[in-house]
Amino acid sequence: MADQMTKTQVNLFGLSKADYRGNPSTLCQGCGHNSISSQIIAACYEMNILPENVVKFSGIGCSSKSPTYFLNRSFGFNGLHGRMPSLATGALFGDYTLHGIGVSGDGDSASIGMGQFKHVVRRNLNMVYIIENNGVYGLTKGQFSATAEKGLQLKSQGTNPYMPIDIAWEALVGNATFVGRSFAGDPRSALHSYAWGKEHEVALHELSFVPPAEDITVEYDEGEAKEVTLHDGSRIILKKLEHEYDPHDRTAAMRILEEANAKQWLITGLIYISPTKPNLVDLHNLSPTPLNRLPENRIRPAKDTIEQVNNLMF
Amino acid sequence: MTTLQPVAEIEAPAEKQPVINNFSITVATVNGSGSQTSNITILRALFKMGIPVSGKNLFPSNIQGLPTWYTIRVSKDGYLARREEHEIVVAMNPASFLQDYNDVVPGGAFFYADDIKVPNNRQDISLYPMPVKQFVKESGAPSNLRDYIANMVYVGVLAQTLGIDLDKIYMALNFHFKGKVKPIDLNFGVVKAAYDWAVQNLTKTDPYRLEPMDATNGLIMADGNTAAALGSVYGGVHFVAWYPITPASSLAESLNEYLPMLRKDPEAPDKNTFAVVQAEDELAAIGMTVGAGWAGLRSMTSTSGPGLSLMTEYAGLAYYTEVPLVVWDVQRVGPSTGLPTRTAQGDLTFTYFMGHGDTQHIILLPGSVNECFTFGWQAFDIAERMQSPVFVLSDLDLGMNQWMAEPFAYPDKPMDRGKILWEEDLEKSDGVWARYRDVDGDGITYRTLPGNRHPRAAWFARGTGHDENARYSESDKVWHDMLERLKKKYNTARQYVPKPVIDTMDGARIGIIAFGSTDPAIKEARHILAEKGLPSAYLRMRAMPFTSEVGEFVSQYERIYVVEMNRDGQLHQLLTLEYPEQATHFISAAYTDGLPLTARRVVQAILATEEK
Ligand SMILES: Cc1ncc(C[n+]2csc(CCOP(=O)(O)OP(=O)(O)O)c2C)c(N)n1
Ligand SMILES: [Mg+2]
């Protein structure tokens, strides 16, 4: 019987929270990306996910740097700008017992990576896909991203003339089996959606906002709409889904996002879930031994087959 | 020492003297009219008659409507490169009819659909009209099959006038239609009827004849893409990601065909030990391939020039993160539209440097269908040993045309999975290891794979800026040392890549260096040159980096001709970079027009300098 002390310090695997940490963040202080990293650490620890069972992926951007800052005991690959989804797709065939966490930004997924984003959603990869949406290109210093509101004014960039892309909407249209959104400054909600994401191995959509110095935290209840002032002075209205909201209804999910767009709300919460669809790796009916552990005699056809092959030629 | 017989040029026939098993047949049809079945049937029948034969499809980038030519060469001496001369021409396409008519060599034969009007201004060739329309009508074939039937008419007429065995034609049709009686009978019925018609109605006035030989015994016919796919299967490929593109598509499609057939897991027969994913584009195809290679899979993609261009950034990242993967590039003329269905060797320098920053890639250069097979499995061994991308450069001619080949040989070596550490290895070392530390002094470091549950196994892959432990670093020294180690590793690759094939004639005065599908043209050219008193030594390059044999070869000859199918002499450039002290001895004989190289071009290019 574990005593009270150890109970609070380790999880079911006997791992402490420190076993889930990564390297110290090199991102700006108060950056929402960091709070998401902390949420991932907390979620994996509390949900008893072995770091060895997770593989981290990312594209390029401040957000995409963050896999270095959590789960040091997990393998990870920092890929190319906008092309994390394909990297993760290939890698997760290596060992089907692994789960992916992909971290991307709004530039990484909604601009250069829109194609790969839509296709990975369509293929239902067994990966939680987190988009850390700050409305700008952080790493290249503040250009508009495709999720920036039309009419948004930034000192260095002028006024954004284009309509924004709603990534949650895109995921839903693309047949994602899980779509959720939370505000990085709302710890309760982030953890909650992570739990869903983990269980159902599907795309998750996160929302966070860029520096300066202080973390923005908001607490708001289900069904509540809350206005938040961001570091750059712009305002958004967050609207948490009602308690009664049924996330299994895709049409309803679309309607809610559409209405929210009209009111300029950002819906947070679990927007849609379809827990039964097989994921990509299931679809391929893979051997019970992970592919990367198969010995030679299980991947090279036997010697006698070569004659059969030559007989197939003319 | 060379063993081929001399004499390759075909002389204009003396009066009435028959020309046996030594000429070219060109069939001109409309693209999409089903002539492929007819042409390949002739090719296969000739092969089964024991005559050395090659067939080349010169087709437009179009599904239906544009002119297309198929040229077959028979050569009793085994010279199988394309020739520019056409002794026998079959004209089925009104659009190219005049050109086809004028292309027949003096003394040659012109077979044509008799509803096309012939100018009748050539007394130097034999004319054979064929009542194609009539046959189609009489066959009673449904309208969707009429084009196919029309094209079987010339098969029958050629069979009679040239002497193709009907039973061999039957064998070819039986193979093509996979034993399905109905289409075999329908097509063979037309062939036979046309044959009988020719017996009654045509009088042979040309000298060209086919006779059975014994020169193809024990050989098979196959295309390079099929061979590459099969070789990859025997290489244990786990993961394929691809995006359709001519002329590479049939490689991945063959993998789709053969993997389920050949890859039966003895321990879980109803489960798969492989996955093939059709990606959304080549950016994704290579991304998936890199991911899978990193995760420890034998991972590959296949593409052609345009797709290769899109793969550049990931190729560079894979070089720097040291991920094994195999990329088949079935080269074509590029870019964009125009000549995508024509062959070339234009991707060599691009592939070599593909990436940004300093990059040198390992490249394999198969020169035959058999090498497509062998390099198919060897590429994985090299990629995993070197922890590096390996590019295999084939081309449209090699990849898509049918070639005579030796039966495929089972790999003669066990797999080389390279330096991988699993849980038990890490236990032995108490978890002490570093992803990018050169422990063995060969530039190749050890790697662990995702799924390795040892708590010290994990590492984080990123492009630039990693130290020996794969930790983020922007240190100048760390980066410089990393680059130097990669260079050392590339040098190590020299001992793992296929060596060149060298053939030296007695008294050789010149050297020839070439690679890939130009091999038959070069063999033939060398014999023509030898006849003219210019014996040569020939090095067929099979890989980059160059091995020591190349260095020895280039130091031996005063003049070394570098023959390749591109404009700028890309192999010539790379040789000059590698052996600057020999630079003035290298002479570029690059030539490209979209068609497979002919011996004549090679002879001309070399003589132009030699006779100066
Ligand atoms: C092919 C390519 N193009 C451009 C860049 C430059 N680049 C680096 S990060 C970035 C934008 C990242 O924006 P986002 O994904 O929103 O990440 P954030 O920094 O805001 O978290 C760009 C354009 C690159 N690395 N690669
Ligand atoms: Mg951003």
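Cβ-Cβ below 6 Å, separation at least six or inter-chain, first residue in segment B:235-262 and away from chain A (no Cβ under 14 Å), second crowded, with 24+ Cβ neighbours inside 10 Å and among the basic types (Lys, Arg): which pairs?
B:PRO247/B:ARG332
Tell me whether segment B:379-399 contains one or more residues that are within 14 Å of chain A (Cβ to nearest Cβ), in contact with a helix residue (DSSP H, G or I) (Cβ under 9 Å, 6 or more places away or on another chain) and assigned to a loop (DSSP other than H, G, I, E, B).
No, because not a single residue in segment B:379-399 is within 14 Å of chain A (Cβ to nearest Cβ), in contact with a helix residue (DSSP H, G or I) (Cβ under 9 Å, 6 or more places away or on another chain) and assigned to a loop (DSSP other than H, G, I, E, B).
Kindly state which helices (runs of 4 or more DSSP H) lie completely within segment B:274-345 and contain at least 3 residues that are within 11 Å of another protein chain (Cβ to nearest Cβ) and either modelled with pLDDT of 95 or more or in contact with an Asp or Glu (Cβ under 6 Å, 6 or more places away or on another chain) (or both). Reasoning before the result, please.
Details: elements: B:282-294, B:305-310, B:312-321.
The qualifying helices (runs of 4 or more DSSP H) are B:282-294, B:312-321.
Restricting to segment A:136-153, name every residue that is in contact with a Gly (Cβ under 9 Å, 6 or more places away or on another chain), more than 9 Å from ligand 2 (Cβ to nearest atom) and farther than 26 Å from A:ALA262 by Cβ.
If the condition is that a residue be in contact with a Gly (Cβ under 9 Å, 6 or more places away or on another chain), more than 9 Å from ligand 2 (Cβ to nearest atom) and farther than 26 Å from A:ALA262 by Cβ, then A:THR140, A:GLN143 are the ones that fit.
Please find, among A:ASN160, A:ASN126, A:ASN133, the residue that is within 16 Å of ligand 2 (Cβ to nearest atom) and either surrounded by 24 or more Cβ atoms within 10 Å (Cβ to Cβ) or under 20 Å from A:CYS44 (Cα atoms) (or both).
Answer to the check: A:ASN133.
Of all residues in segment A:54-71 being part of a helix (DSSP H, G or I) and more than 8 Å from chain B (Cβ to nearest Cβ), which is farthest from ligand 1 (Cβ to nearest atom)?
The residue in question is A:TYR69.
Any chance you could count how many residues in segment B:571-586 are surrounded by fewer than 20 Cβ atoms within 10 Å (Cβ to Cβ) and within 17 Å of B:ALA514 (Cβ to Cβ)?
6
Taking helices (runs of 4 or more DSSP H) that fall entirely within segment A:90-193, which contain at least 3 residues that are over 23 Å from A:PRO51 (Cβ atoms) and near ligand 1 (Cβ under 10 Å from one of its atoms)?
Here the list reads A:106-110.
Looking only at segment B:404-453, count every residue that is within 11 Å of chain A (Cβ to nearest Cβ), under 26 Å from B:GLY236 (Cβ atoms) and in contact with a Leu (Cβ under 9 Å, 6 or more places away or on another chain) and tell me the total.
Number of matching residues: 13.
Does segment B:25-56 hold any residues that are touching a strand residue (DSSP E or B) at 6+ places or on another chain (Cβ under 8 Å), assigned to a loop (DSSP other than H, G, I, E, B) and of a type outside the set (A, V, I, L, M, F, W, C), and which are they?
Those that are touching a strand residue (DSSP E or B) at 6+ places or on another chain (Cβ under 8 Å), assigned to a loop (DSSP other than H, G, I, E, B) and of a type outside the set (A, V, I, L, M, F, W, C): B:ASN31, B:PRO52.
Pick out, from segment B:57-173, the strands (runs of 3 or more DSSP E) lying fully within it that include 2 or more residues that are among the β-branched types (Val, Ile, Thr).
B:67-75, B:86-91, B:104-113
Enumerate the pairs (first residue in segment A:125-143 and within 26 Å of A:ASP95 (Cβ to Cβ); second residue anywhere and near ligand 1 (Cβ under 9 Å from one of its atoms) and modelled with pLDDT under 90) with beta-carbon separation below 6 Å, excluding pairs fewer than 6 apart on the same chain, so at least 6 apart or on different chains.
none
Give B:THR343, B:THR273, B:THR301 a once-over and let me know the one that is within 20 Å of B:HIS238 (Cβ to Cβ), in contact (Cβ under 8 Å) with a residue 60 or more places away in the chain, of a type in the set (Val, Ile, Thr) and open to solvent by less than 10 Å² (accessible area, probe 1.4 Å).
B:THR301
The values are calculated or read from the model by the stated rules, or taken from the named source; none is laboratory data. Nothing here was measured: the structure is a model prediction, and the numbers come from that model. All Cβ positions, even for glycine, are placed from backbone atoms using ideal geometry, and neighbour counts span all protein chains on display. Keep in mind that these areas ignore ligands, DNA and RNA; they rest on the heavy atoms of the full protein, side chains included. Shrake-Rupley method; radii C 1.70, N 1.55, O 1.52, S 1.80 Å.
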